[in-house]
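What follows is one structure encoded as structure tokens, with my remarks underneath.
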Amino acid sequence: MNISYRWLQQLAPTINDSAEAAAEKLTYTAVPVDEVVWLGHGLEELVVARVSSVDKHPQADRLVICKVDAGRDQPVQVVTGAPVVVEGGYYPFVGAGQTLPGNVAVKKAKLRGEVSEGMLCSEKELGIGRDADGIMLLQGEFRPGQSLLEALELDDHRLDVDVTTNRPDLLGHLGVARELAPGGVDDVRLPDFPGHVAADYATETVDNEGVTGGITVRIEDPEGCPRYMGAVIRGVTIAPSPAWLANRLRAIGQQPINNVVDATNYVLHELNQPIHAFDLHKLGGSAVVIRRAKKRETLRTLDGKERKLDPEMLVIADAKVPSAMAGLMGGENSEVDDDTKDVFIECAYFDPKRVRKAAKGLDLDTDASYRFQRGMDREGLPRAVQRVVDLILTTAGGQVDGAAVDVYPNRYEPLTLTLRPSRVSHLLGLDLDRETIRSCLEPIGFSVKETGDDLAVLVPSWRPDAEREVDLIEEVARRFGYDKFPDEMRTFRPTSVPEDAQVEVVRQLRERMIGFGFLEAMTNPFVPSDDGEIKLLNPLSEREDHLRRDLLTELIHRVEYNLARGQRDIRLFEIGTAFTDGGDPLPTERSLIAAVWTGNRRPAHWSEESQDWDVWDLKAIFASAAAAAAPGAEVRSVSSDVDDGQPPPRMEQLFALVTPDGQTVGSAGRIAAQGLDVPKWAGRLWCFELAIESTIRQPTRYQALPVYPAVDRDLALLVPVGTLSADVEAVIRDAAPGYLEWLTVFDVYEGDKIPVGTRSIAYRLRFRSPDRTLTDEGVDSAVQRITAALKEKLNVGIRGA
């Protein structure tokens, strides 16, 4: 949003800081200002010149020779190829040896034998407009040699304001002036125009239908158009806008068109109220109807495009056909042109949702739609109509025909909110008295009254974003000044509400994977049809038109991408959601964690040989993630070949995560190389994917460190081949007393020194009692019970016994 600083000062003369200081204040209290641009940059050397004569070039049909009075002792000769040069007209001039914006040097040159000692400039060359077809003819009275900055009122700063969606009131100069003026709304006024002509007319307010200047105005869709005002002006003369109006629009980057259209654009940027002017004689019949579009209706808009309409779109129609898209753009069939004599002025409030939907459906974004989509000040329409009618009468002449009509079926009800000073202090951590709160709200248009212990705050109609008490507290905070908040640490009370279980699990998973050296990836949830089951109704692209069924597929693609760029050591994980067709109208959404890795276990170093990840690393990482994501589930070894029935990438499953009720919630293994785009030097590709259970976790409990000594025992067991170590551990834990503190495998042997069909697995058991010192006799008795249970249940005996 471009804001002219001189325009702001005209609306609020009490704004007397520098443009940079005003931008800083606006950034700290309301919305950010991205840039402050001095419009005169590069134009310091340019002047206004009067063309005293125009002659044909003797050697070129498309060139003319101009004698130019630039305020010097002698006229200057300029050769130009501009299509039209008016004798006696005033133009921007830059002499030889001087520069244009962008540090473009102008040199004395000879064109087809004739010397040219400077340039007459176009708007685009000056950087103040888009017109590059011809040189810029200045409107008004000037003095040859007068500074161009002074003549065009370009001694101004343009503020590039980044208006957030919740502050539509700042899309006009009036709203910004309210924010920056020291006295707020009391300092803001609408100044008279040069040569101001004030229109004297009445306004008739009706519910659904009224008449103005012989034109019937009717709202047939009050939901889409809660308020619509119209006025007829007859006898206008279409001409270029006066210099002050054209300069004001150029200052904010707008291209002047003619006095009527420029008047509507001026009010748009001053009051943040879109206004449209129709050529009255181009309207079919004496009616303006606000209605839904009919099936198969079309409208050629002002940009020259034929638009296909649908019944969900709101149009402004005459008695026969649409003449404009409500809140978007007018139609060519009612455009104001040089022959226009009578105009119909439209000023309306349109439903933001309807305008947004139509703008998206037609791929049409305009200054008007940008504002209507964010919510307008429906109570500001009468002021905007008065302002634009006065400006048209001032610049284009004419007379208002009869009373203006105000069709207002859905009247605005002002919103009053209760504001508790105690709540303000609680949320902001500041003890602000009532007078301070009032001084923050009243300058920006809020009306504050005391009602007992609380305050009753009347919200102004131009602030649709203020809907709740907390919105008012935010206004108090920003107007009081965030820089005035104390920066010391204050006392606080920790909450007794536990953190959401899912959030805690995700945090633990992320910490564990990062601890293993993995990097977190965030892949696209939108995938091709081969990688998903759920088709999107409104996809962002034709190729990515489904939701992903898993996380692993896209992670594999990331691995392929890295391998193709010579990166062999890769560790990636992702925590996210995947979607499957569960048979219900809505898809089944699952929270998952997936990881994929390949290459060396540790960074290469001269002191040791490089070692790739192996299956035991896979189990360790998978088990660690499973302990956090699905506590109570068991990691089991499985043996399966590559499943050719599942889509690529195909996994050779080595481990499964099984819940106590027998449900498989995760798997881990190797990715088959076939079907993948990987080089021959790539290592084995390991991966896992498992579901994140959202059950409530028990809070972590802490206990004192043990004070009694531990007793260790080692058991070297002969385990039949095919018996899982996990089954052996389960029997040991089941048979052991309650003071078995720790159990681990520390050695595995397979060779000719043990019976055929067995392997030796050595376990270390640690016993410790929390309330006494254990004796050797008690521990030996426990070990005997364990060995007896192993022999009975698994046929596992003591090695060497």
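The values are calculated or read from the model by the stated rules, or taken from the named source; none is laboratory data. Only a predicted model underlies this, so the values are computations on that prediction, with no experimental measurement involved. Cβ atoms come from the backbone with ideal geometry, glycine included; neighbour counts cover every protein chain shown. SASA here: full protein model, heavy atoms, side chains in, ligands and nucleic acids out. Shrake-Rupley method; radii C 1.70, N 1.55, O 1.52, S 1.80 Å.
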Open item on the list: If the requirement is being open to solvent by 10 Å² or more (accessible area, probe 1.4 Å) and more than 17 Å from Glu270 (Cα to Cα), which of these qualifies: Arg383, Arg356, Arg378?
Closed with: Arg356
Open item on the list: Can you pull out every residue in the range 762-784 that is over 25 Å from Gln703 (Cα atoms) and either hydroxyl-bearing (Ser, Thr, Tyr) or open to solvent by 50 Å² or more (accessible area, probe 1.4 Å) (or both)?
Closed with: Tyr763, Asp776, Glu777, Asp780, Ser781, Gln784
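The rows are residues; the columns are (1) exposed (fewer than 13 other Cβ atoms within 10 Å of the Cβ); (2) among the β-branched types (Val, Ile, Thr); (3) within 23 Å of Ala668 (Cβ to Cβ).
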{"position": "Glu499", "(1), (2), (3)": "yes, no, no"}
{"position": "Val506", "(1), (2), (3)": "no, yes, yes"}
{"position": "Ser541", "(1), (2), (3)": "yes, no, no"}
{"position": "Asp550", "(1), (2), (3)": "no, no, yes"}
{"position": "Leu555", "(1), (2), (3)": "no, no, yes"}
{"position": "Arg568", "(1), (2), (3)": "no, no, yes"}
{"position": "Ile575", "(1), (2), (3)": "no, yes, yes"}
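Among residues belonging to the range 167-189 that are assigned to a loop (DSSP other than H, G, I, E, B) and of a type in the set (A, V, I, L, M), point out the one that is nearest to Leu26 (Cα to Cα).
Initially, the range 167-189 is screened for residues assigned to a loop (DSSP other than H, G, I, E, B), giving 167, 172, 181-183, 188-189.
When the remaining residues are screened for being of a type in the set (A, V, I, L, M), the result is 181, 188.
Working: Ala181: 11, Val188: 16 Å.
Ranking the candidates gives Ala181 first.
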TODO: Please enumerate the residues belonging to the range 598-612 that are modelled with pLDDT of 90 or more and either within 17 Å of Arg510 (Cβ to Cβ) or in contact with a Ser or Thr (Cβ under 7 Å, 6 or more places away or on another chain) (or both).
DONE: Asn600
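Being touching a Ser or Thr at 6+ places or on another chain (Cβ under 6 Å), of a type in the set (Lys, Arg) and either crowded, with 20+ Cβ neighbours inside 10 Å or at pLDDT below 95 (or both) narrows it down to one residue among Lys282, Lys294; which is it?
Working: Lys294 fails: touching a Ser or Thr at 6+ places or on another chain (Cβ under 6 Å).
Going through Lys282, Lys294 in turn, the sole match is Lys282.
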Task: Every pair of residues 6+ apart whose Cβ atoms lie under 9 Å, when the first sits in the range 513-526 and is over 15 Å from Leu555 (Cβ atoms) and without any contact (Cβ under 8 Å) to a residue 40 or more places away in the chain while the second is of a type in the set (A, V, I, L, M, F, W, C) and part of a loop (DSSP other than H, G, I, E, B) - done: Phe526/Leu536; Phe526/Leu540
- [ ] Name every residue in the range 677-692 that is open to solvent by less than 50 Å² (accessible area, probe 1.4 Å) and in contact with a Lys or Arg (Cβ under 7 Å, 6 or more places away or on another chain), in order of residue number.
- [x] Ala682, Gly683, Leu685, Trp686, Ala691
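Going by what's in this entry, would Val260 be described as surrounded by fewer than 23 Cβ atoms within 10 Å (Cβ to Cβ) and modelled with pLDDT of 90 or more? Spell out how you get there, then give the answer.
Details: surrounded by fewer than 23 Cβ atoms within 10 Å (Cβ to Cβ): no; modelled with pLDDT of 90 or more: yes.
Against the criterion (surrounded by fewer than 23 Cβ atoms within 10 Å (Cβ to Cβ) and modelled with pLDDT of 90 or more), Val260 does not qualify.
Answer yes or no: is there a residue in the range 517-526 that is acidic (Asp, Glu) and either out of contact with any helix residue (DSSP H, G or I) (no Cβ under 8 Å at 6 or more places or on another chain) or closer than 30 Å to Leu430 by Cα (or both). Steps first, please.
Let us first name the residues in the range 517-526 that are acidic (Asp, Glu), namely 520.
Those still in the list that are either out of contact with any helix residue (DSSP H, G or I) (no Cβ under 8 Å at 6 or more places or on another chain) or closer than 30 Å to Leu430 by Cα (or both) too: none.
No - not one qualifying residue is present in the range 517-526.
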TODO: Of the numbered conditions (1) farther than 24 Å from Val407 by Cβ; (2) assigned to a loop (DSSP other than H, G, I, E, B); (3) touching a strand residue (DSSP E or B) at 6+ places or on another chain (Cβ under 6 Å), Asp192 fails exactly one; give the number of that condition.
DONE: (3)
TODO: From (1) open to solvent by 50 Å² or more (accessible area, probe 1.4 Å); (2) more than 20 Å from Ala384 (Cα to Cα), pick out the condition that doesn't hold for Gly235.
DONE: (1)
Task: Residue list for the range 785-801, restricted to those being small (Gly, Ala, Ser) and either on the phi > 0 side of the Ramachandran plot or open to solvent by less than 50 Å² (accessible area, probe 1.4 Å) (or both) - done: Ala789, Gly797, Gly800
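Please pick out the residue among Asp752, Asp771, Asp727, Asp734 that is in a loop (DSSP other than H, G, I, E, B), among the charged types (D, E, K, R) and touching a residue at least 12 places away in the same chain (Cβ under 8 Å). Show your work before the answer.
Working: Asp752 fails: touching a residue at least 12 places away in the same chain (Cβ under 8 Å); Asp727 fails: in a loop (DSSP other than H, G, I, E, B); Asp734 fails: in a loop (DSSP other than H, G, I, E, B).
The unique qualifying residue is Asp771.
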TODO: Identify, by number, the condition in (1) under 25 Å from Ala277 (Cα atoms); (2) not in a loop (DSSP other than H, G, I, E, B) that Thr436 doesn't meet.
DONE: (1)
- [ ] Scan the range 157-166 and give yes if some residue there is open to solvent by 20 Å² or more (accessible area, probe 1.4 Å), in a loop (DSSP other than H, G, I, E, B) and either farther than 30 Å from Asp377 by Cβ or free of Cβ contacts under 8 Å to residues at least 24 places away in the same chain (or both), otherwise no.
- [x] no
Task: Which listed residue, of Val448, Val470, Val457, is assigned to a strand (DSSP E or B) and surrounded by fewer than 19 Cβ atoms within 10 Å (Cβ to Cβ) - done: Val448
Open item on the list: Take the conditions surrounded by 15 or more Cβ atoms within 10 Å (Cβ to Cβ), in a strand (DSSP E or B) and touching a residue at least 24 places away in the same chain (Cβ under 8 Å) and apply them to Gly210. Does it pass?
Closed with: yes
- [ ] Could you list, in sequence order, all residues of the range 130-172 that are among the polar types (S, T, N, Q), farther than 30 Å from Phe446 by Cβ and at pLDDT 90 or above?
- [x] Gln146, Ser147
TODO: Just name the residue that is modelled with the lowest pLDDT out of those in the range 508-533 that are open to solvent by 60 Å² or more (accessible area, probe 1.4 Å) and in a strand (DSSP E or B).
DONE: Glu533
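Tell me the strands (runs of 3 or more DSSP E) entirely within the range 537-642 that contain at least 2 residues that are in contact (Cβ under 8 Å) with a residue 60 or more places away in the chain.
Numbers: elements: 546-548, 570-580, 588-598, 634-637.
Where strands (runs of 3 or more DSSP E) fall fully within the range 537-642 and carry at least 2 residues being in contact (Cβ under 8 Å) with a residue 60 or more places away in the chain, they are 570-580, 588-598, 634-637.
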TODO: Filter the range 39-55 down to residues that are within 18 Å of Asp156 (Cα to Cα) and in contact with an Asp or Glu (Cβ under 8 Å, 6 or more places away or on another chain) and give me whichever is least open to solvent (accessible area, probe 1.4 Å).
DONE: Gly40
Open item on the list: Suppose the filter is at pLDDT 95 or above and buried (at least 18 other Cβ atoms within 10 Å of the Cβ); does Val476 pass it?
Closed with: yes
Task: Hey, Arg759 touching a strand residue (DSSP E or B) at 6+ places or on another chain (Cβ under 9 Å), within 17 Å of Arg785 (Cα to Cα), open to solvent by 30 Å² or more (accessible area, probe 1.4 Å) and modelled with pLDDT under 95 or not - done: no
Task: Candidate set: the range 65-96, residues that are acidic (Asp, Glu) and touching a strand residue (DSSP E or B) at 6+ places or on another chain (Cβ under 9 Å); chosen: the one surrounded by the most Cβ atoms within 10 Å (Cβ to Cβ) - done: Asp69
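Taking the range 229-258 only, how many residues are part of a helix (DSSP H, G or I) and polar (S, T, N, Q)?
Here is the first cut: in the range 229-258, the residues part of a helix (DSSP H, G or I) are 243-251.
With the extra rule that they be polar (S, T, N, Q), the set shrinks to 247.
So the answer is 1.
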Open item on the list: Just the residues that are in contact with a Ser or Thr (Cβ under 8 Å, 6 or more places away or on another chain), open to solvent by 30 Å² or more (accessible area, probe 1.4 Å) and in a loop (DSSP other than H, G, I, E, B), please, taken from the range 97-134.
Closed with: Lys108, Asp131, Ala132, Asp133
